[in-house]
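Colleague: My questions will all concern the structure given below.
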Amino acid sequence: MALLRSVLNNSANKKYGFLLGTLKNGKFGKINVNDLVLKSSSTCYSTAATTQVQNNQYADTLDVSFNDARAAFKSKTNWELIRAYLVYTLCSFEYLVENNMKIMKIAETVFGEKLFVKMMRGTFYGHFVAGEDEIRIRPTLERLRSFGVKPILDYSVEEDLSQEEAEKLEVEASVPESGDTIEQGALKQYHVDRTFADRRYKVQSARTYFYLNEATCERNMEVFIKCLAAIKDSTYGTGITAIKLTALGRPQLLLQLSEVIMRTRKITADIVGGGGNVLSHHMRPEELEKKFADAKFKDMDGVREFLKKVTFDKEGILHLFPWSGIVDDNKELSSTFRIPDLKEGRMVRLIKQMSPKEEEMFRNMIRRLTTIVSAAREMDVRIMVDAEQTYFQPAIARITLEFMRKFNKQKAIVFNTYQCYLKDALNEVSTDLEQAKRQNFFFGAKLVRGAYIEQERARAAALGYEDPTNPNFEATSEMYHRTLSECLRRIKEFKDKGEDKKIAIMVASHNEDTVRFAIEKMKELGIQPNDKVICFGQLLGMCDYITFPLGQSGYSAYKYIPYGPVKEVLPYLSRRAQENKGVLKKIQKEKQLLLAEIVRRMVTGKWIYKPKGTYVPV
């Protein structure tokens with residue numbers, strides 16, 4: 001602001017008077033100059049102050065108000081700033097957003113494929129997507145790195161399916177060969193319902209995979225491995241690849257496994273009292289056996305056979321089932337999940353008898369994930385397993401945690417994702433942190449608010465089970481901050497004992513209050529940015545005013561990088577436009593900062609600006 005005012009009063013800049021006079025009089029569109037250039041720290045519009053961070057490297061001083069337009073966009077050309085402003089503006093028109101897919105298809109018909117592709121590269125695709133393949137994205141990755149930002153690669157190609165096609169595929173892939181009958185004790189939440197079979201319903205930002213066949217899952221595995229190679233070649237091992245378990249196997253298996261986990265928790269509550277995971281009750285196997293004996297359980301031989309397989313340590317039982325055997329030894333699911341039920345008074349099977357073909361499908365899913373994580377370990381790259389719908393998530397979280405136990409021996413290679421709009425987010429994270437501590441492996445987690453909240457609420461209401469989500473945004477933010485605080489508290493405990501880096505957390509949020517909360521908590525607990533235990537992440541094309549100042553000031557910062565061929569990424573772009581329609585109401589600040597930087601460059605004569613960064617990512 002001070003710079004623009006000084007320019008207004010400087011006769012040497014009279015050639016810009018027509019523009020500056022317009023700005024001074026508040027006539028630049030509907031934006032007043034006082035809103036255009038936000039109140040900023042001393043680093044704004046000047047050479048940024050620097051501090052030494054480590055190994056004689058220097059970083060900018062962070063403006064925690066995130067009002068520094070120059071720091072936010074110094075990695076962007078003038079055209080990229082104008083394009084970003086244009087894209088954000090177009091995304092604010094409801095008609096365009098609601099009908100964006102139809103409009104894009106009409107545009108392709110009118111202009112022809114080649115011209116349409118050029119138009120998309122110059123607008124939405126160019127803004128939100130890094131490129132078409134692993135080679136073409138490298139310039140983007142290298143430029144990010146030069147400005148202190150690292151990538152999370154996400155191959156964003158999706159099948160362009162109609163709602164009817166998606167529903168048909170999902171229902172077929174979610175029903176066991178023996179049928180989908182809901183028996184006594186079954187939980188309806190973990191069974192497919194045609195009304196919600198199109199998992200794209202009310203979901204904007206999350207990529208969706210539908211099961212076609214085993215060959216498609218093999219191809220998805222190969223794509224994820226290509227992502228790992230691209231990360232290794234372009235970022236010197238500092239990047240991450242995002243994967244989804246629904247891309248690697250039949251959804252029926254995740255549904256059945258999730259139901260097993262949640263039914264086990266209910267049975268555990270009946271046996272020991274209280275809810276949650278058995279790990280939190282610190283009960284020893286012999287105590288559990290005594291409970292069944294006192295209850296005069298009929299099949300004590302079955303109980304003793306069951307107890308031989310539980311996982312426990314000196315503090316008590318960790319798991320009632322041999323999860324490590326399922327991941328490592330390819331044990332059959334059907335024979336594994338039998339548990340003594342006090343109410344039934346007998347051993348009960350928690351999963352239907354599966355056919356040899358279904359058992360093979362499960363082993364194939366585990367094999368694919370093992371192949372991906374093994375490749376990541378060899379390439380020294382990390383894997384981030386995305387969270388999905390709550391009816392899949394218990395299985396996804398359990399499998400991911402077992403892969404942490406197996407592969408996170410020296411450092412965090414595998415990361416899980418926790419959605420803080422869920423009521424049980426803090427309990428889930430706390431339980432998993434405790435397992436990591438007791439089984440001595442490195443814990444990695446990405447904390448997000450979540451992508452499926454509207455779908456989750458609608459499904460719970462329609463099917464008649466308890467809504468798993470927090471009631472409002474404020475409750476979700478409180479859950480996020482409490483969960484993050486618990487992670488930071490445990491990081492501090494390890495640090496005080498000299499066991500650094502046992503926990504690694506990504507704060508994946510576009511909310512600047514949450515980012516500030518994390519920074520303040522880090523300072524309060526003495527956790528330094530270069531401890532490399534806390535990092536921050538935002539989507540490509542969104543919240544640059546948060547990501548880049550963080551990376552340039554010595555914090556570990558990431559961009560979630562979608563890539564893929566233009567036409568095949570259109571479903572992703574369509575949803576991103578939908579997402580921005582709502583988000584833009586809350587991020588007018590980014591538009592103002594973009595406009596401020598565009599004007600600053602114009603009035604200072606920087607008509608051609610070539611970004612050149614010399615930052616080194618933490």
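The values are calculated or read from the model by the stated rules, or taken from the named source; none is laboratory data. Everything numeric here is computed off the predicted structure, so don't read it as measured data. Cβ: placed from backbone, ideal geometry, glycine included. Neighbour counts: every protein chain shown. Protein only, heavy atoms only, side chains kept; ligands, DNA and RNA dropped before computing areas. Shrake-Rupley method; radii C 1.70, N 1.55, O 1.52, S 1.80 Å.
Colleague: Give the number of residues within region 86-110 that are farther than 22 Å from E590 by Cα, hydrophobic (A, V, I, L, M, F, W, C) and crowded, with 18+ Cβ neighbours inside 10 Å.
Modeller: Number satisfying all stated conditions: 1.
Results for (1) under 17 Å from E344 (Cα atoms); (2) β-branched (V, I, T); (3) touching a Pro at 6+ places or on another chain (Cβ under 9 Å), shown as yes or no for each residue.
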{"residue": "G273", "(1), (2), (3)": "yes, no, no"}
{"residue": "L279", "(1), (2), (3)": "no, no, no"}
{"residue": "E287", "(1), (2), (3)": "no, no, no"}
{"residue": "D301", "(1), (2), (3)": "yes, no, no"}
{"residue": "L307", "(1), (2), (3)": "no, no, yes"}
{"residue": "V310", "(1), (2), (3)": "no, yes, yes"}
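Colleague: Could you tell me whether region 144-157 includes any residue that is open to solvent by 20 Å² or more (accessible area, probe 1.4 Å) and over 30 Å from A71 (Cβ atoms)?
Modeller: Looking for residues that are open to solvent by 20 Å² or more (accessible area, probe 1.4 Å) and over 30 Å from A71 (Cβ atoms), one finds at least one in region 144-157, hence yes.
Colleague: Please enumerate the residues belonging to region 213-241 that are crowded, with 22+ Cβ neighbours inside 10 Å and of a type in the set (G, A, S).
Modeller: Within region 213-241, A230, G239 qualify.
Colleague: Another question, if that's okay. Restricting to region 158-180, name every residue that is of a type in the set (S, T, N, Q) and open to solvent by less than 20 Å² (accessible area, probe 1.4 Å). Step through it out loud before you land on a result.
Modeller: Looking only at region 158-180, we keep the residues that are of a type in the set (S, T, N, Q), and these are 162-163, 174, 178.
Within region 158-180, just S174 meets the criteria.
Colleague: With the checklist (1) in contact (Cβ under 8 Å) with a residue 24 or more places away in the chain; (2) under 25 Å from V260 (Cβ atoms) in hand, flag the one item S156 doesn't pass.
Modeller: Evaluating S156 over (1) in contact (Cβ under 8 Å) with a residue 24 or more places away in the chain; (2) under 25 Å from V260 (Cβ atoms) leaves (2) as the failure.
Colleague: Additional query: Taking the conditions exactly as written (of a type outside the set (F, W, Y), assigned to a strand (DSSP E or B) and in contact with a helix residue (DSSP H, G or I) (Cβ under 7 Å, 6 or more places away or on another chain)), does I326 satisfy them or not?
Modeller: no
Colleague: Quick test of your reading of the structure: E388 fulfils all but one of (1) crowded, with 23+ Cβ neighbours inside 10 Å; (2) in a helix (DSSP H, G or I); (3) of a type in the set (D, E). Name the failing condition by number.
Modeller: Failing condition for E388: (2).
Colleague: Being outside any helix (DSSP H, G or I) and open to solvent by less than 40 Å² (accessible area, probe 1.4 Å) is the filter; apply it to region 404-413 and report the residue that is nearest to K532 (Cα to Cα).
Modeller: Result: A412.
Colleague: Criterion first (among the small types (G, A, S), in contact (Cβ under 8 Å) with a residue 60 or more places away in the chain, closer than 28 Å to G148 by Cβ and in a helix (DSSP H, G or I)) does A242 satisfy it?
Modeller: no
Colleague: Also, I was wondering about something else. Within 26 Å of Q439 (Cβ to Cβ), of a type in the set (F, W, Y), open to solvent by less than 40 Å² (accessible area, probe 1.4 Å) and not in a loop (DSSP other than H, G, I, E, B), is that true of F312?
Modeller: no
Colleague: OK, next. Taking into account only those residues within region 37-66 that are buried (at least 22 other Cβ atoms within 10 Å of the Cβ) and either under 26 Å from the mean Cα position of the chain (by Cα) or modelled with pLDDT of 95 or more (or both), which is farthest from F128 (Cα to Cα)?
Modeller: Here the answer is L62.
Colleague: In addition: Looking at region 539-553, which of its residues are open to solvent by less than 10 Å² (accessible area, probe 1.4 Å) and either among the small types (G, A, S) or farther than 18 Å from D513 by Cα (or both)?
Modeller: G541, G551, Q552
Colleague: Mind checking which pairs have a first residue in region 205-223 that is in contact (Cβ under 8 Å) with a residue 40 or more places away in the chain and more than 13 Å from V157 (Cα to Cα) and a second that is outside any loop (DSSP other than H, G, I, E, B) and open to solvent by 50 Å² or more (accessible area, probe 1.4 Å), Cβ under 7 Å, 6 or more apart or different chains?
Modeller: M221/T371
Colleague: Of the residues A445, A462, A451, only one is over 17 Å from A504 (Cβ atoms) and not in a helix (DSSP H, G or I); which?
Modeller: Working: A445 fails: over 17 Å from A504 (Cβ atoms); A462 fails: not in a helix (DSSP H, G or I).
Criteria check complete, one pass: A451.
Colleague: Here's something else I'd like to know. Scanning region 111-124 for residues that are aromatic (F, W, Y) and without any contact (Cβ under 8 Å) to a residue 60 or more places away in the chain, which turns out surrounded by the most Cβ atoms within 10 Å (Cβ to Cβ)?
Modeller: F116
Colleague: For residues that are among the hydrophobic types (A, V, I, L, M, F, W, C) and open to solvent by less than 10 Å² (accessible area, probe 1.4 Å), scanning just region 414-433, find the one that is nearest to M365 (Cα to Cα).
Modeller: Ranking the qualifying residues of region 414-433, first place goes to V414.
Colleague: Scan region 188-203 for residues that are assigned to a loop (DSSP other than H, G, I, E, B) and open to solvent by 30 Å² or more (accessible area, probe 1.4 Å) and jot them down. So that I can check it myself, show each step before the final result.
Modeller: Taking region 188-203 first, the residues assigned to a loop (DSSP other than H, G, I, E, B) are 191-193, 197-203.
The answer is V192, D193, R200, Y201, K202.
Colleague: Inspect region 501-524 for any residue being in a loop (DSSP other than H, G, I, E, B) and free of Cβ contacts under 8 Å to residues at least 24 places away in the same chain and give the result as yes or no.
Modeller: No - not one qualifying residue is present in region 501-524.
Colleague: Another question, if that's okay. Given the structure, is S334 among the small types (G, A, S) and either open to solvent by 10 Å² or more (accessible area, probe 1.4 Å) or at positive phi (or both)? Step through it out loud before you land on a result.
Modeller: Details: among the small types (G, A, S): yes; either open to solvent by 10 Å² or more (accessible area, probe 1.4 Å) or at positive phi (or both): no.
Considered against the rule, which asks whether it is among the small types (G, A, S) and either open to solvent by 10 Å² or more (accessible area, probe 1.4 Å) or at positive phi (or both), S334 comes out as no.
Colleague: How many residues does region 557-570 hold that are open to solvent by 10 Å² or more (accessible area, probe 1.4 Å), more than 10 Å from S156 (Cα to Cα) and at pLDDT 90 or above?
Modeller: Result for region 557-570: 1.
Colleague: Quick one: which of E286, E259 is part of a helix (DSSP H, G or I) and without any contact (Cβ under 8 Å) to a residue 24 or more places away in the chain?
Modeller: Going through E286, E259 in turn, just one is part of a helix (DSSP H, G or I) and without any contact (Cβ under 8 Å) to a residue 24 or more places away in the chain: E286.
Colleague: Mind listing whichever residues of region 458-477 are under 20 Å from the mean Cα position of the chain (by Cα) and either touching a residue at least 12 places away in the same chain (Cβ under 8 Å) or surrounded by 14 or more Cβ atoms within 10 Å (Cβ to Cβ) (or both)?
Modeller: P468, T469, N470, A475, T476, S477
Colleague: Related question: Name the pairs: first residue in region 536-547 and closer than 14 Å to E80 by Cα, second residue of a type outside the set (G, A, S) and part of a strand (DSSP E or B), Cβ to Cβ under 7 Å, at least 6 apart or on different chains?
Modeller: Pairs that qualify, where the first residue is closer than 14 Å to E80 by Cα and the partner is of a type outside the set (G, A, S) and part of a strand (DSSP E or B), are L540/K559; L540/Y560; L540/I561; L540/P562.
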